[in-house]
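One structure is given here, and the rest of the page talks about it.
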Amino acid sequence: MPRNRSIILLAVGHACVDVYQGAVASLVPFFVAERAYSYAAVSGIVLAASLLSSVVQPVFGALTDRWAMPWLLPAGTILGGVGIALSGLSGSYAMTLAFVAVSGIGVAAYHPESARVARLASEGSHSAMGWFSLGGTLGFATAPLLVTAVVATGGLRLSPLLVVPALAGSVLCLPVLRALRKSADARSDKAVVPATDDVASFVRLSLAVVCRSVVFVGLSTFISLYIEQRPGGSRTAGTAALFVLYCGGAVGSVLGGALADRWDRVTVARWSYLVSIPAVAGIVFVPGPAVFVCVALTSAGLYVPFSLQVTLGQDYLPTRVGTAGGITLGLTVSIGGLASPLVGAVADATSLRTALTPLILMPALSWLLFRTLPEPGAPRSGATARRSAEARSEPGGTPDGEPAGEVGLHPQVVAEDRPDL
């Protein structure tokens, strides 16, 4: 199957899964209106979905490092959709909480293995991984529209209709899995050069991702309210600022992959975080309509490194790519999200501007951490290594021993150690 078609299918499937990450918060007003749940009760529902999903992801990542589990893509997609679909049928708070938790587990099961499969299908292209990440961003952003279109017309009793994206997403991933299975079988006679984990770099990368998560979750939670409260602000302006924040993320996801195909990932991420520092400061301090420019720059700056951080984590831990994906996509995001209540507490005690000001430090810390990170080399297959060694003694070889035109293979591209995908 052509690479572009595989990535498109995986990106749409990614959108179908991440709809259910955004659907939980979108259902909150309907739970309050129809079931009279308290704010504390609906907060517990949101926490059950987001925190459980994020914390469990590294567990699924560790499992996929030990056994190939491509079936987790359709199974996780279905589980994520079924949980949300059933959450509107029972008036019992305990059952609602349980169904939302089931959805969170399905989302958690999907992401680590999907990141590995997408890396295989991308054939090492950072642009392709950027499009895969874009699918998830769009899925999350369209969740409120989907939930409102379904539930607002007939109430929570229509929530089973929300399973439709899951059914579509589970079907879309099947041809990609079949194609990669055939590709892995065709390469099963090749050897792979053993890779070494760079745990220290992975830890520093994870800390950088946590800092990114703190600032993004903090802004996405409070930017609408902050813009509304500023002089000359309004509810419309606040909503527009949140929309720009999400749209900038979609642009940044694609832009990051394109830039990394020209320059290395660490350099692109480092410059992106550097741009984000004055952009976040502008959100807090710049008056008037110019704040929307700052919001757009902040969103793009924080999302340009998003898919790059996933592949960097995989390359820092080439023997545990599932674990790497589970941590960079899940655990670090949840840790960053835990800072949001602290921002709210500071805002209650002082002002929203005072509470948002420390967020300026977060991209600065990510920038400092990225200054210490190396760009990992791409492990190669045994055949590639042998050809490189032969090229050292032949005219026309490149200075580092690579024959002209030879492309190193990422561990996710070489699937010989996982013939069953």
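The values are calculated or read from the model by the stated rules, or taken from the named source; none is laboratory data. Source: prediction; values computed, not measured. Virtual Cβ from ideal backbone geometry, glycine too; neighbours counted across all protein chains shown. Areas reflect the complete protein model, heavy atoms only, side chains present, ligands, DNA and RNA absent. Shrake-Rupley method; radii C 1.70, N 1.55, O 1.52, S 1.80 Å.
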Among residues belonging to the stretch 181-203 that are at pLDDT 75 or above and surrounded by fewer than 19 Cβ atoms within 10 Å (Cβ to Cβ), point out the one that is nearest to GLY76 (Cα to Cα). ARG181
Flagged in the stretch 64-103 as touching a helix residue (DSSP H, G or I) at 6+ places or on another chain (Cβ under 7 Å), closer than 26 Å to GLY313 by Cβ and open to solvent by 50 Å² or more (accessible area, probe 1.4 Å), in numbering order, are LEU79
Among the residues of the stretch 204-224 satisfying the criterion of being modelled with pLDDT of 80 or more and open to solvent by 60 Å² or more (accessible area, probe 1.4 Å), which is nearest to LEU338 (Cα to Cα)? LEU207
With the first residue restricted to the stretch 161-179 and required to be in contact (Cβ under 8 Å) with a residue 40 or more places away in the chain, and the second required to be not in a helix (DSSP H, G or I), Cβ contacts under 7 Å at 6 or more apart or on different chains are PRO175/MET1; VAL176/MET1; LEU177/PRO70; LEU177/LEU421; ALA179/MET1
Name the single residue that is nearest to SER133 (Cα to Cα) among those in the stretch 7-48 being small (Gly, Ala, Ser) and open to solvent by 40 Å² or more (accessible area, probe 1.4 Å). ALA25
Which of (1) modelled with pLDDT of 85 or more; (2) of a type in the set (A, V, I, L, M, F, W, C); (3) open to solvent by less than 50 Å² (accessible area, probe 1.4 Å); (4) part of a helix (DSSP H, G or I) is the odd one out, the single condition LEU373 does not satisfy? (4)
Report whether or not ARG262 is open to solvent by 40 Å² or more (accessible area, probe 1.4 Å), out of contact with any strand residue (DSSP E or B) (no Cβ under 7 Å at 6 or more places or on another chain) and under 22 Å from TYR316 (Cβ atoms). yes
(1) crowded, with 24+ Cβ neighbours inside 10 Å; (2) among the small types (Gly, Ala, Ser); (3) under 25 Å from TYR37 (Cα atoms) all hold for GLY139 apart from (3)
For the stretch 274-296 the number of residues that are surrounded by fewer than 23 Cβ atoms within 10 Å (Cβ to Cβ), in a helix (DSSP H, G or I) and of a type outside the set (A, V, I, L, M, F, W, C) is 4
Residue selected from the stretch 104-134 under the condition of a type in the set (S, T, N, Q) and in a helix (DSSP H, G or I), by the criterion surrounded by the fewest Cβ atoms within 10 Å (Cβ to Cβ): SER127
Any residue in the stretch 230-248 that is part of a helix (DSSP H, G or I), of a type in the set (S, T, N, Q) and under 22 Å from the mean Cα position of the chain (by Cα)? no
Per the filter on the stretch 153-180, residues at pLDDT 85 or above, over 16 Å from TYR110 (Cβ atoms) and among the polar types (S, T, N, Q) are SER159
Of all residues in the stretch 317-359, count the ones that are in contact (Cβ under 8 Å) with a residue 40 or more places away in the chain, open to solvent by 30 Å² or more (accessible area, probe 1.4 Å) and part of a helix (DSSP H, G or I). 7
Test TRP271 against the stated conditions and say whether it is free of Cβ contacts under 8 Å to residues at least 24 places away in the same chain, within 22 Å of the chain's Cα centre (by Cα) and outside any helix (DSSP H, G or I). no
Scan the stretch 121-151 residue by residue and report those that are touching a residue at least 40 places away in the same chain (Cβ under 8 Å) and over 22 Å from the mean Cα position of the chain (by Cα). THR148, VAL151
